[in-house]
Each structure stands twice: as structure tokens, then as C-alpha cells.
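The values are calculated or read from the model by the stated rules, or taken from the named source; none is laboratory data. Computed from a predicted structure; not experimentally measured. Don't worry about glycine lacking a Cβ; one is built from the backbone with ideal geometry, like all the others, and counts go over all protein chains shown. Just the protein is used for accessible areas: all its heavy atoms, side chains included, with ligands, DNA and RNA removed. Shrake-Rupley method; radii C 1.70, N 1.55, O 1.52, S 1.80 Å.
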Protein chains: 4
Amino acid sequence: MIRLNCDYSEGAHINILNKLIETNMEQTPGYGEDIYCKQAAALIKDLCKQEKADIHFLVGGTQANLTIIPAALRPHQCVICADSGHINVHETGAIEACGHKVIGLDSKDGKITAKQISAFYHNHHDDETHEHITQPKMVYISNPTELGTIYYKKELEEISKVCRDHGLYLFMDGARLGYGLCAEDNDLDLSDIARLCDVFYIGGTKVGALFGEAVVITSDALKEDFRYIIKQKGGLLAKGRLLGIQFTELFKDGLYFKLASHANRLAVMIKNAFTEKGCSFLVDSCTNLPIHIVKELMLRIVQFVFVQAGLQKKKMSCSFWMM
Amino acid sequence: MIRLNCDYSEGAHINILNKLIETNMEQTPGYGEDIYCKQAAALIKDLCKQEKADIHFLVGGTQANLTIIPAALRPHQCVICADSGHINVHETGAIEACGHKVIGLDSKDGKITAKQISAFYHNHHDDETHEHITQPKMVYISNPTELGTIYYKKELEEISKVCRDHGLYLFMDGARLGYGLCAEDNDLDLSDIARLCDVFYIGGTKVGALFGEAVVITSDALKEDFRYIIKQKGGLLAKGRLLGIQFTELFKDGLYFKLASHANRLAVMIKNAFTEKGCSFLVDSCTNLPIHIVKELMLRIVQFVFVQAGLQKKKMSCSFWMM
Amino acid sequence: MIRLNCDYSEGAHINILNKLIETNMEQTPGYGEDIYCKQAAALIKDLCKQEKADIHFLVGGTQANLTIIPAALRPHQCVICADSGHINVHETGAIEACGHKVIGLDSKDGKITAKQISAFYHNHHDDETHEHITQPKMVYISNPTELGTIYYKKELEEISKVCRDHGLYLFMDGARLGYGLCAEDNDLDLSDIARLCDVFYIGGTKVGALFGEAVVITSDALKEDFRYIIKQKGGLLAKGRLLGIQFTELFKDGLYFKLASHANRLAVMIKNAFTEKGCSFLVDSCTNLPIHIVKELMLRIVQFVFVQAGLQKKKMSCSFWMM
Amino acid sequence: MIRLNCDYSEGAHINILNKLIETNMEQTPGYGEDIYCKQAAALIKDLCKQEKADIHFLVGGTQANLTIIPAALRPHQCVICADSGHINVHETGAIEACGHKVIGLDSKDGKITAKQISAFYHNHHDDETHEHITQPKMVYISNPTELGTIYYKKELEEISKVCRDHGLYLFMDGARLGYGLCAEDNDLDLSDIARLCDVFYIGGTKVGALFGEAVVITSDALKEDFRYIIKQKGGLLAKGRLLGIQFTELFKDGLYFKLASHANRLAVMIKNAFTEKGCSFLVDSCTNLPIHIVKELMLRIVQFVFVQAGLQKKKMSCSFWMM
């Protein structure tokens, strides 16, 4: 049996498990105020070149989104994103459950543009009846997007400029950020993202960790009282050091990037194999397709191939990120 | 340096870590639909003697509370609890953030009584202006309570009867349930609790796990669509098997109860030592004090003693649950 | 100066004001439990041929929407409507502020079809990951729609059947219902609507009242505790008889329908005048255009004409509903 | 039949109704942007000696509370008040439904003190685990209180100072403000209140209007985008001029104060009559008892007297505010 369905099929990189055993009997404070969280935060701040950033560790991506967005918005404000954005379609209305409308802008490749954002902003404020309409205040982008595409530096700079000109917070969902940063044609690094966004997170769950998302807040306006809101939303992990330990392992020797690159490499191999067989892809522009979208597309293709070959019951699987 | 401050200072029982390593490269579906979650659910259903119960695994206690309560209530309904109830004082308004008032009833020992519940219910419905007041619909009790006291079978039966007579859901927060079940004078077991409550959870985080709470829903009215709400509240762990693996380890050979008993035993030792020295306790009735309250009280006492002895900087710690 | 901009430019039909003066010194209970609310409710139940319906009187349309929808839905459930639906675009996220996603289906004429609803329902439940997506539970339609079109009996019957087959509540926003019921090609009456919908409201504010919407609940599932939710949402008018008095006046001799017909008649006159001049309309199918959309379109046309004629500053106005 | 139960038993002062008829056919913009709302706002700003205040007109008190409080608070913040505060006990959880905990401080006379507020504030921030507890950010006081007592200038100055020192918003619910301002021993006027509070409202519903509360915002921090939030909460009255007309009538020649004084005068007469008969009152300190509490107490007393006299069915009523 070979599974090819999702990053969530396995455990974690062995270094992480070993470190959990090594540190198991140590005693530390709870709720993320331990030495490992501090170490991980320092590593991330260095990579981001943002010594004043606030770093918080959460368990999962939906939890990160439903903590960050309500922390930033007043009741009448909404968040805008691509219509394929995870918060718009795949979180069971988590953001609306916190009181805020999510507005999806048309997108073919999972991305939105500075021009769209600016038009949406002006469309709102030029409307005489704008008090009857939710007010855009935050822009949510995923990188890589839910379709596997990535934002390039020029695009992100333009989006960032529009957001700052219009007083909009820019928030990047980086649940799959490793794959994006290690994509062949990527030209962004963590310090670019930290400089251009107000808040973003670095996903661990999909890149070698048992679980964990590292939230990086660079905007002072978004820093205040953030831990209160983590607690309120159920995200303050009691044994918080579990997150610190994992992110320290992922970032101390570049393990995070090695795992993501490895995954991308295997993805490209698969993609090429299928392209040679004449399969075309949903999103043409993804010349250096991050792994997750390959997996999703591949799964469908493979199932199709198997059915054709009369192998309907068999399943394939491959674990990309586990080196 | 000796820490005596909290269950959250350390990792997990070693069996759990070993099992995580052993299963690390296995491939399973995500989101709690794996074989380990099924195994753990089966073990728990057996212990509860409730084959038709629904079992869900969540990461933490606040998350469990903010998922269960909104899943059960309509907008105008409230939950009632002891004024010291965790949801009332120590979750940063998590329940209110989901739209519901928490009403704390007077309590000296952390417990509430069937009589109080009945009086509150009638007081509401007898009020001519009751439409102007939140309607009681759920009763929340913690066992052990936040003060370390426990509910006895007769008390729980009375509460359960009042709740069923009045159409109130009965919900037990069992974040520390192991300590309660293993307390010397406890007369409840999991099957009693499952029979008498509509929903409760069994805390793993404080009894040997890295994290995890097992929610047991016995009321059919509360079962429908529960996983949607877990997802909406950010509680659907991607690599959900981590929870299944932990609870399987805790329950397959009674490890959970061994750990809790051990902790209680050490607690009593400490308590006795202090009682001999003439220290009295906040809650007199706690003849068999669960560990957590001992820890909290002890910490203060120890600090006091140390200050007296000129040892202000020194800290003590002891890990009770790790056999 | 002639204003042509909105129904909200003036006061109320004189009968209503006279009745307010006549009853001013009478003493009645507050909060809608007076004799006038009972009279108005009886009149409406008769017209609806629904003796068991619950009738509630609210001040405005957004208030009605934000009371009815949260009263019906559990946290993970959403309401679906035309993308032009008032709740989707023009209520500052009032429904999301109560925790629920609003999903707009594609619509060119402001209407949605039974087929669209059924497809959306099946699309949701056929998705293996549907627990990650808000669950459709209520269908919201406006009649007349925000574009001035109306639902015909056959359409409403089909929608009602799909909703009942799939366990979806059907809710009609009737803020402009009078215009719809009196449109030339309308074939629905209040008893059809009451029979086919689970809940709807009859707008007074746009048809001769100072303010007021009469909510009609025919579904038993939606009746329970509704007044609690009205109070919670700020909609329980202290001197509730003001609503009862107005709706009694509107319905006791058919005044409501006379006012709406008069408005429609004038609207058609204007429309014809413009059509003769060669103006075409946004929504072609509106052969019997309700007044509000005429007003909106006319305003733009008139402004255009005036600008052409160098009369930029002048404004036109006409009050249609005041006979 | 004599009713003595509530201010809500009757209509409005006749000047208001006459003005509604007089202006009925005038055409104005909707949603409170008409000339009458501007006039009323100007009158109120003059009385408050706050030319820069923002004035908004809402229909009712619960609506005002559920608009003002969420407009001011971030998700983790709570509002504190006397345990008898209207928002705490008599609005069906309206504030919690917007996501915020209401914390009632002990109070015997319906009032809270600067000392209590300061202690509560420090208690929160001194707690090492304060991130697990809702953060106090707004103080809500009612004047007169729900028990009929009033705040004196010295008390309000002390409360205001504590609030400003600690960064807490001070909000006065003035649903019954007229009675307070016209109480015999009152030493506050509107300009004091405007100077000392960040936001408050002047109740019209209980002092001669059909309905209406005038919100006065003096704090710049609370002004931004307030109309968006009114709309979201369902409080933006379509024919908003109805509110402007009523408040213009109430304030243009001091009618508001005449009505309130008259009511107080009658209240004192009743109170004296009962005191002479040996009845004692719930709140001893209310030497100049505002009418509403007299009514409430009287009702009970009268009923008691009637029962004693074998007159159980008879009801008394008197309309105090209608001169």
C-alpha cells in the first residue's frame, strides 16, 4: 500500500522525537515561557532579521488564523483574500465564528494582486453607503497558495506598499511556507517576508514537525496583548515547550529548509514523470510546483491511472519530507 | 533547584514517547480518522460501558470547553457553574467570546449542589421577565474541582437527576479527572460519570500525556456534527493520531490510573508532612487531596518556609506523576 | 428641489400618525405584549391563513435578519442567498458578527433557483472534507429582490420543496414585500408565502409605516424562545405597541396593499416615460418593476439627464407611497 | 384600573407627536443624516459644552449598550459594572453575545466606587496569570442606577480619574438620566458628565419620547467608524429623522428636564405618602428617589396593600412624566 495523499500521514523528523526524549524529565515553566521557546524565537528573529518581532508558537494553522485575524480587527472590519483562500473555504467558518466577514476576490491561480486590493479598497471607501458594508482592514495571502503557486518579491512588495498606503494589515498564512521558500524560482526569504508583512506564520506541521506554527508579528499595532487572545481561542499549549523544542530543532541547523527542498525535489521528479506521460496540470504556471499541490494532483492522476489499469484498490504513498 | 509549581513542567510518560517513535514512519489518515484514535476510543468506550458514546480527542482543556459549550447552546442560553469554575475565571472569556454568558454560583469548596441548580432554574423560569435574562441550559462542573475537592456518587446522581428533570445538559470538565478517580475516598468510576453526564472529558495533559483531552459524548442531542465545530474552533489536530497513540498508551494497561494514584500518594505524603508541622489548608474537607491543589498550596507554603529560613532564591520541584 | 432617492425620505401614512395620537394616553403593557400587537398579529395570521404562526414585530430589516438567522443556526452552519442578497452585501457583516458565514450564489437577476440550492447542498455533503466547510442550513431569499425582480409561485414551490427535502430552513426577507405582492405579474399571496416558507417578514418601513417589520414564523422548530433572542439582539421595543398600532392600521382595511399598488403604478408610469425616451434598464425582465428599483435606476438616469442638460445641481423627488 | 408599573405604558409627550405630523410630508435623507438629527445633535452638544462630541441617535437602551461596548473593546477585554448593572442581569446576555465578559462588582446600592475599580484593575494586572483572565478595559455605570440611586459629582470625578489613570473607558448608561439630573440632591449636569465620561447616553424612551437614546461620544478613541457598528448591530434607523425630531423637541425648550422634574415630584409625593404609613424602602439612602424605582417599589407595596384590603384584582396606574 502506497499513500500519496497528504503531509499529515506520518509523524515527525526523528531529530525532533529524539530531542523530546532527551528533554523529557527537565522541568520548565508552562504556557510557552520556557527556555526552548525562547531559543526558537531567537533563531526565527535572526532569520527574519527582526530583533523586535514578537514570536508566538501555536499548534495548528486554523488556530493561527482564528487568533491573528480577530486580534487585528474591530467588529465592522473584514479580511480580504483570494476566493480559494483557506480561511474562505476550508475552516468551517472559523473567522466568521469570531465575527468577521471574509471576502474572496476572484483568483485563477490562488493569488491576488496589489491592483485588486487597491481597487477593492477604493471601491469601498468611494461608496456613499460604505457604512452599510464591511470595511476592509486586513489582507490575507497564503504562500504557497492553496493551488501551489508562490508570490514573487516584486508582487509582495507591491502588495505591501498598497497595504501600507491604505492602512491595511498584511497577513501571510505560511502553513506551507517551507515549500515556497525552497521552490526553484522563489526569490523571497524570511527577512523579506518579515519586512513586507505585518504578521505571518511559519508552518511546522507540514515540514517535519509533529505540529506547530510559529507566528511572527512585526507590526507594533498587532503585538499588544496577543497572548490573552491565544488563551481565549484555546491555543495556549500547557506544555508549551513542545513547540519550542520542535522549532529549535527545525531551525538550528537549517533542517527546515533541507526538508522542504527534499520534498520539492521529489515533487518535481513526480511531476516530470507524469508530464512525460502526457498529463497536464491544473495550474499551468507552476513551473516549480511545491510538493503539496503535486501530491494533491498526483493523487487524482494516480487514481485515474490505477483505475485505467484495473488496480482500483491499490493505493500509493510516498513520504517526501522525511529525509 | 526544586520546582513544585505545576503539572506542566515536564514531558510525558516514557511509554508514550517510545510509542511515538515506534509508529513514526507509519502512514495513516489525518484529522483523527486513524487506527490509533479508533483504538483509544474503543478502550474508553469499554471503560465507560457506553458502546454508543462518541469519542473525540482534543489538544487542551480550554479548547474542549470552548468547543463543547457552544456546540450545545442556542444564542440566548448560558452555562452555570461554581464561581470558581475554570470557564468562569481562567480562560480569558473563551466562552463569552463564543457568545454565551457564564454564571458562577456561590461555592466555598468549588462544588455546586443539585439544590442550587434547581433553585437557579426555577428562579429563572418563575421570573415574569425571564426573556430579558439568559436562559440556563447547561451545568458545568469540574471534577476534581479547581480547589481539589471531588464529587461523590450521591451528589452527582442528584445533580444528574435535576438536570434531566429540567432539560439541562450536564457537562463535567475532567482535565484532572485521573486524580479524582484515584482519590482515596472517591466512589465514582468512568461508567458512573458516563451514565450521569451528557458530556465530559478525560484529561491527559495533567496525567502523563504530552497533551490531550478525550471528550466523551453520551447524549445523542450533543453528538450531531461535533467534528464541524471542532474544526471551526481550531481543534482538529492535523496529525490526529498523536492523540490516539497517547490515549491508547494511557488506557491499554491502566497506566492512567497508576500515574494518578502515584501522584495522589505523593501528595498525601507532602500534605501529611506539612500538617505535622502545623500548616492548615485552604479547603478543610479535602481529606484526600488530589495532587494539583497540593502543589499549589505547597508552593506557597514552601516559599513561605524558605523565606523564613533565608532561602528566598531557592526553588523546589518534584514530579509526581512520572513513575 | 425634487428628491427621487429612497422610500426613507418621508414619514408615515397619516392614518398611522392619527392613531398614535388617538391612543397616546392609553396605558398598556410594554415589550409587545399589548392589545395592539395582538390585534395586528391576528390580522396577519388571518391573511396568512396560519392560525398557529408566531408573529413578532421588529423595528427594522437588518434587525430582523440578525435575529432570525442566529436563532435558527448552530455555530457551524451557514445561510445561502443570491450574491446580491442584502445580508451578503449591505448589512456591514451583521450575520457574520453573529458567527455565521453568508454564502452568495451567482445570480444575474437577484434570484436563486431550486436547482442551485440543491446543487450547493449536494456539493457540500458529497465532499469528503465537508467537516472543514460551513454546512448549509438556511436559504435566504428577498422578495422582491434587491434588483426589483419577484419570485413566482412555481419558483417558490420548487425552492420550498428542495429546502424541505434537504432539511434547510427557507427564510424570505420581505422588507419590500408589499411591492412584490402588488406587482402586475405577481401570483403569490401571503398565504402561499406562509405555507412555503419557514419564516418571513412583512416590511412596514417601506410601505407607509414610520418603521416596523412583522416577522411570521410558521416552522415549529423556529418558534422556541424567539423573544429571548429579540431581546438579546436589542430588538425588543420598550413601547412595543407602536408596532402593533402601525401594523393594525396597515392591515385592517387593506391599506398596505393600496399603498404598495399606488407606488407600483407610479413606478410604471415613470418607467414607461423613460422607456419612451429610449432608456434601457439594468434588469430587462422586470416588466412590472417595483418602485424601489425604479427609484434607484431613475435617480441615476435623471442625474445623467440633468448633467446632459447642464442642470447638475437640481434634484428631483417624488413620494410614491403616500397616497 | 390604575397602572403603576412602568414608564413604558404610554405614548409620548404631545409636542413630539404634533411635530411628527407637522413634518410628515417633508423629504429628508435617511439613516440619521437629516436636518433634524443635526439640530438635535447641536442642542445636545451645547448642553454638554462639547462642540467636538459625536452624537448618534439609537432606538433603545440595550441596542445602545450592545453597540457602544463592542465598539470599544478588543476580544479579550471585559466591561466591569455593579452586579445589579442592566448589562449584567437584564439584557439576555447581549454583551456576551458580542463576545465580551461582563463582570459584576459587589454593590448594595447599585453604585460602584473608584476604589473598587482601582482594586479590580490592580488585582488583574498584578496576577501573574493575567493572560488567562479577561482584561478590564471599560467601566459601565448607570445613572440613576437600577436601584434608583444617583452618582454625585465627587464620586464621578474620582471614578473618572481612576479610569483615566488606568486607561479604562468610562461609559454611563443614562437610560433614566433625566430623573437623575432632576433629582433633588443631584449635583451633576450634562457638561460634567460629558467632561468626566468617555461615552454616555441620554434616554428619551423613559422621558417623554416614543423611543430614542442619544449617544454622546467625547473620547476621540471611541469615535472612529461608529456608524458602521450601529449598522452592523441593526441600530441604524431607516427614517432616522424620527429620532432627530424627538430629541429636538425634548431639548429645544428644556422639555426634557420639565418632564423629569415632574416625574420626580410625583414620585416623592407617593414616597412620602407611603413613608407616613410606615412603609420602609429597599434602598435607604434614596432621599430623592427617581420615579422608576418608586414605581417599582410602589407596585409591590400597592399590591401588598390591596391584597390586605381584599382588592386583589384592582390595579393602580399613574403616568408621571406626561405633564
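Consider the range C:201-211. How many of its residues are aromatic (Phe, Trp, Tyr) and away from chain D (no Cβ under 11 Å)?
The first filter runs over the range C:201-211 and keeps only residues aromatic (Phe, Trp, Tyr), leaving C:201, C:211.
With away from chain D (no Cβ under 11 Å) added as a condition, the list becomes C:201.
Adding up the residues that qualify gives 1.
Per-residue answers, yes or no, for (1) without any contact (Cβ under 8 Å) to a residue 12 or more places away in the chain; (2) within 24 Å of A:Thr248 (Cα to Cα); (3) of a type in the set (Val, Ile, Thr):
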residue	(1), (2), (3)
A:Thr145	no, no, yes
A:Thr149	no, no, yes
A:Ser160	no, no, no
A:Tyr179	no, yes, no
A:Asp187	no, no, no
A:Asp192	no, yes, no
A:Ala214	no, yes, no
A:Glu224	yes, no, no
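Within the range B:18-40, take every residue that is touching a residue at least 60 places away in the same chain (Cβ under 8 Å) and not in a loop (DSSP other than H, G, I, E, B) and give me the one that is nearest to the other protein chains (Cβ to nearest Cβ). Explain how you work it out, then say what you get.
Step one: list which residues in the range B:18-40 are touching a residue at least 60 places away in the same chain (Cβ under 8 Å), which gives B:19-20, B:23, B:28, B:30-40.
Adding the requirement that they be not in a loop (DSSP other than H, G, I, E, B) leaves B:19-20, B:35-40.
Details: B:Lys19: 11, B:Leu20: 6, B:Ile35: 12, B:Tyr36: 11, B:Cys37: 13, B:Lys38: 16, B:Gln39: 17, B:Ala40: 16 Å.
That would be B:Leu20.
If D:Phe57 satisfies every condition in (1) touching a helix residue (DSSP H, G or I) at 6+ places or on another chain (Cβ under 6 Å); (2) at pLDDT below 95 but one, which is the exception?
Only one criterion is unmet by D:Phe57, namely (2).
Name the one entry in B:Glu158, B:Glu146, B:Glu96 that is assigned to a helix (DSSP H, G or I) and in contact with a His (Cβ under 7 Å, 6 or more places away or on another chain).
Details: B:Glu158 fails: in contact with a His (Cβ under 7 Å, 6 or more places away or on another chain); B:Glu146 fails: assigned to a helix (DSSP H, G or I).
Unique residue meeting the criteria: B:Glu96.
If you go through the range A:212-229 one residue at a time, how many are away from every other protein chain (no Cβ under 12 Å) and open to solvent by 10 Å² or more (accessible area, probe 1.4 Å)?
The number of residues fulfilling the criteria is 4.
Could you please find all residues in the range D:72-86 being outside any loop (DSSP other than H, G, I, E, B), open to solvent by 10 Å² or more (accessible area, probe 1.4 Å) and either more than 13 Å from chain A (Cβ to nearest Cβ) or closer than 21 Å to C:Leu236 by Cβ (or both)?
Result: D:His86, single match.
For C:Glu296, only one of the following conditions fails: (1) open to solvent by 30 Å² or more (accessible area, probe 1.4 Å); (2) modelled with pLDDT of 80 or more; (3) in contact with a Cys (Cβ under 9 Å, 6 or more places away or on another chain). What is its number?
With (1) open to solvent by 30 Å² or more (accessible area, probe 1.4 Å); (2) modelled with pLDDT of 80 or more; (3) in contact with a Cys (Cβ under 9 Å, 6 or more places away or on another chain) applied to C:Glu296, the lone miss is (2).
Give the range C:171-197 a look and list any residue that's surrounded by fewer than 24 Cβ atoms within 10 Å (Cβ to Cβ) and in a loop (DSSP other than H, G, I, E, B), or say none.
C:Cys182, C:Glu184, C:Asp185, C:Asn186, C:Asp187, C:Leu188, C:Asp189
Determine whether the range A:264-273 contains at least one residue that is of a type in the set (Gly, Ala, Ser) and either part of a loop (DSSP other than H, G, I, E, B) or in contact with an Asp or Glu (Cβ under 9 Å, 6 or more places away or on another chain) (or both).
The answer is no; no qualifying residue exists.
Sort out which residues of the range B:87-123 are surrounded by fewer than 22 Cβ atoms within 10 Å (Cβ to Cβ), more than 14 Å from chain A (Cβ to nearest Cβ) and hydrophobic (A, V, I, L, M, F, W, C), and write them in order of number.
Selection gives B:Ile103, B:Leu105, B:Ala114, B:Ala119, B:Phe120.
Criterion first (open to solvent by less than 40 Å² (accessible area, probe 1.4 Å) and part of a loop (DSSP other than H, G, I, E, B)) does A:Thr67 satisfy it? Before the answer, list the steps.
Values: open to solvent by less than 40 Å² (accessible area, probe 1.4 Å): yes; part of a loop (DSSP other than H, G, I, E, B): no.
The answer is no for A:Thr67.
Would you confirm whether or not the range A:47-64 contains a residue that is on the phi > 0 side of the Ramachandran plot and in a loop (DSSP other than H, G, I, E, B)? Give the steps one after another, and end with the answer.
The initial filter retains those residues of the range A:47-64 that are on the phi > 0 side of the Ramachandran plot, namely A:49.
Still in the running and in a loop (DSSP other than H, G, I, E, B): A:49.
Yes, that holds for at least one residue.
So C:Tyr8 clears everything in (1) part of a helix (DSSP H, G or I); (2) more than 20 Å from B:Glu131 (Cβ to Cβ); (3) modelled with pLDDT of 95 or more except one condition, right? Which one?
Single failed check for C:Tyr8: (3).
Is there a residue in the range D:153-160 that is crowded, with 23+ Cβ neighbours inside 10 Å and of a type outside the set (A, V, I, L, M, F, W, C)? I'd like the intermediate steps shown before the answer.
So in the range D:153-160, the residues crowded, with 23+ Cβ neighbours inside 10 Å come out as D:156, D:159.
Next cut, of a type outside the set (A, V, I, L, M, F, W, C) only: none.
There is no residue in the range D:153-160 that is crowded, with 23+ Cβ neighbours inside 10 Å and of a type outside the set (A, V, I, L, M, F, W, C).
Please find, among B:Ala82, B:Ala114, B:Ala94, the residue that is in contact with a Ser or Thr (Cβ under 9 Å, 6 or more places away or on another chain) and more than 29 Å from D:Lys137 (Cβ to Cβ).
B:Ala114
Any idea how many residues of the range D:230-248 are more than 7 Å from chain C (Cβ to nearest Cβ) and either open to solvent by 10 Å² or more (accessible area, probe 1.4 Å) or not in a loop (DSSP other than H, G, I, E, B) (or both)?
So the count comes out to 9.
Here's the yes/no breakdown for (1) in contact with a Phe, Trp or Tyr (Cβ under 6 Å, 6 or more places away or on another chain); (2) open to solvent by less than 30 Å² (accessible area, probe 1.4 Å); (3) among the polar types (S, T, N, Q); (4) at pLDDT 95 or above:
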residue: C:Gly203; (1), (2), (3), (4): no, yes, no, yes
residue: C:Leu250; (1), (2), (3), (4): yes, yes, no, yes
residue: C:Phe257; (1), (2), (3), (4): no, no, no, yes
residue: C:Glu276; (1), (2), (3), (4): no, no, no, no
residue: C:Leu282; (1), (2), (3), (4): no, no, no, no
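Let me spell it out: the conditions are (1) within 22 Å of D:Ile103 (Cα to Cα); (2) in contact with a Gly (Cβ under 7 Å, 6 or more places away or on another chain); (3) free of Cβ contacts under 8 Å to residues at least 24 places away in the same chain; (4) within 12 Å of chain A (Cβ to nearest Cβ), and B:Leu66 meets all of them except one. Which number is the exception?
The one condition B:Leu66 does not meet is (3).
Filter the range D:209-239 down to residues that are closer than 22 Å to C:Gly240 by Cα, under 20 Å from the mean Cα position of the chain (by Cα) and of a type in the set (Lys, Arg), then give me how many there are.
1
Taking the residues in the range B:3-57 that are open to solvent by 20 Å² or more (accessible area, probe 1.4 Å) and of a type in the set (Gly, Ala, Ser) as candidates, determine which candidate is farthest from A:Asp7 (Cα to Cα).
Out of the qualifying residues, it is B:Ala42.
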